[in-house]
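Visitor: Got a structure for you, questions after.
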Amino acid sequence: MTTISVPPRTGTRRHTALWVALAVGVLLAFLVGVLATRDSAADKLAGSPLLGKPAPEIDGKTLAGDRLTLSSLRGRWVVLNFVASWCVPCRQEHPQLVDFDTRHRAGGDGQVLGVVFSDKPGNVRDFLRENGGDWPVLEDPQGQIALEFGVRGPPESFVISPGGVVVAKIVGPATADGLEQILASSTGVKR
Amino acid sequence: MGVLLVTAFTISTHRDSRPETTQARVKRVASEVRCPTCRQLSAAESDAPAAEAVRVAIAKRVEQGESDAEIRAFLVSAYGDDILLKPGGSGVAGLVWALPVAAFVCAVAGLALAFRRWHRVGLDPTADDRALVERALAGLPSAAGSGSSKGDR
């Protein structure tokens, strides 16, 4: 029996595999880096085309039956909060909004303004009665206010400067401390 | 066949030239927009309240005489580019179009190179290959003159 010895092949294929493995490794490292450096869910600041731009005007009816425009609140910080009674994170953030509103309403430099999102006004009225919070809440029966602000689901909040400029968008539950930080860091915003 | 093609072309042209109703236009524009809360469906297909809100907004703007581009621009100004089901062709969104094309070109080029290499290797044995075959043939019993029966082959 004759044995045929085959000479070893060049390392081209091994090099190709090495480069492919290296490319996949770099891609994975990039993805891990992106995911690891994302903000946590709490006070998650989100991007929005509205940031740095004048907030869309709102002209609506409150749960109390009064007419209210966003421009009538110029001169104070407004936390525009989209809320629903069925939304669990909304219940979680509510005490924080009460804290923020109480602190700033007294000084006249800020307040919360709610907007009903995909809910019956009566449900939200009951929710506020049970959990506190006497800020105005606007009805949005056709969802046009939410649409103007690009809201996808509650809770979402927009911090609007005294000059009417959108300075932050928060997706998920807002905190009083997080809102204070936004106000502190946005004092240079044109009024 | 030619008559058939001309007739079909005439009918399709005639159909396209009809003015589009407001309802049809709202549906068409809404079909190009993602439902804000469900994401898997267009605003024309979804029954979600947010999709209904999009349809209402489109209808209002159609009645106000806005163009399709203006309506899309309004929605993008609130939600960003990803509200559109068909991504834009510029900026980062352009990668959605460019990357598959680039991947396809790379794949075709890679296959072409691989086939070319395999083809070349098959037709042109190297000196090492020839030497290997010669050494192998020299070691066979028939080459050594010992003889073999046909049945051995």
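Since every read-out is calculated from the coordinates, none of them should be taken as a lab result. Since this is a predicted model, take the numbers as computed values, not measurements. Because the Cβ atoms are built from the backbone with ideal geometry, glycine has one as well, and the counts that use them run over all protein chains shown.
Visitor: Output the antiparallel fraction of DSSP beta bridges having both residues in chain A, as a percent to the nearest 5.
Guide: That works out to approximately 65 percent antiparallel.
Visitor: Under 20 Å Cα-Cα from A:Lys53, which aspartates and glutamates qualify once same-chain neighbours fewer than 8 residues away are excluded?
Guide: Result set, ordered by chain and number: A:Glu148, A:Glu156, B:Glu70, B:Asp81, B:Asp82.
Visitor: Turning to a different aspect of this structure: Using the basic label-point model (7 angstrom from Cα toward the beta carbon), what is the A:Ala106 to B:Asp124 distance in nanometres?
Guide: 8.9
Visitor: Could you tell me how many degrees, from 0 to 90 and to the nearest 10, lie between the Cα long axis of helix A:12-36 and the main elongation axis, the longest principal axis, of the Cα atoms of chain A?
Guide: With rounding to tens, the tilt is 20 degrees.
Visitor: Something else now. Estimate the FRET efficiency between A:Asp66 and B:Ala69 by the formula 1/(1 + (r/R0)^6), using the beta-carbon distance for r and 41 Å for R0, to the nearest 0.05. Show your work: numbers first, answer last.
Guide: Details: r = 38 Å, r/R0 = 0.92.
With a Förster radius of 41 Å, E is 0.60.
Visitor: Turning to a different aspect of this structure: What FRET efficiency would be calculated for the residue pair A:Asp126, B:Arg18, taking the C-beta separation as r and a Förster radius of 35 Å, to the nearest 0.05? Mind dumping the intermediate values first?
Guide: Numbers: r = 51 Å, r/R0 = 1.47.
With a Förster radius of 35 Å, E is 0.10.
Visitor: With everything on Cα atoms, drop me the angle between helix A:88-107 and the longest principal axis of chain A, reported from 0 to 90° to the nearest 10.
Guide: 50
Visitor: Suppose each label sits 7 Å from its Cα in the direction of the beta carbon; what would the B:Val56-A:Gln181 distance come out to in nanometres?
Guide: Output for this residue pair reads 3.6 nm.
Visitor: Cut-off is 10 Å between beta-carbons; in what order do A:Val112, A:Val98 appear when sorted fewest neighbours first?
Guide: Least crowded to most crowded, the residues run A:Val98, A:Val112.
Visitor: Averaged over peptide A:141-154, how many Cβ atoms belonging to another chain are found within 10 Å of each residue's Cβ?
Guide: Working: counts 2, 7, 11, 5, 1, 6, 10, 5, 2, 8, 6, 8, 3, 0.
That average works out to 5.
Visitor: May I pose another question? Compare A:Ala168, A:Ala17, A:Ala106 in a GNM of chain A, Cα atoms joined below 10 Å, and give the one with the largest fluctuation.
Guide: Looking only at A:Ala168, A:Ala17, A:Ala106, the biggest GNM fluctuation is shown by A:Ala17.
Visitor: Calculate the spin-label point distance for A:Leu51 paired with A:Ala21, positioning each point 7 Å from the Cα along the beta-carbon direction, and give it in nanometres.
Guide: Calculated label separation equals 4.0 nm.
Visitor: What's the local net charge at A:Val83, with K and R +1, D and E -1, over the other residues with C-beta under 10 Å away?
Guide: Details: positive: A:Arg91; negative: A:Glu93, A:Asp119, A:Glu156.
With Lys, Arg at +1 and Asp, Glu at -1, the net is -2.
Visitor: Taking a ≥ b ≥ c as the square roots of the Cα gyration tensor eigenvalues, with a/c under 1.5 meaning rounded and otherwise prolate when a/b beats b/c, else oblate, which class fits the range A:47-186? Please report the intermediate quantities before stating the final value.
Guide: Details: a/c = 1.31, a/b = 1.17, b/c = 1.12.
Rounded, because the longest to shortest axis ratio a/c is under 1.5.
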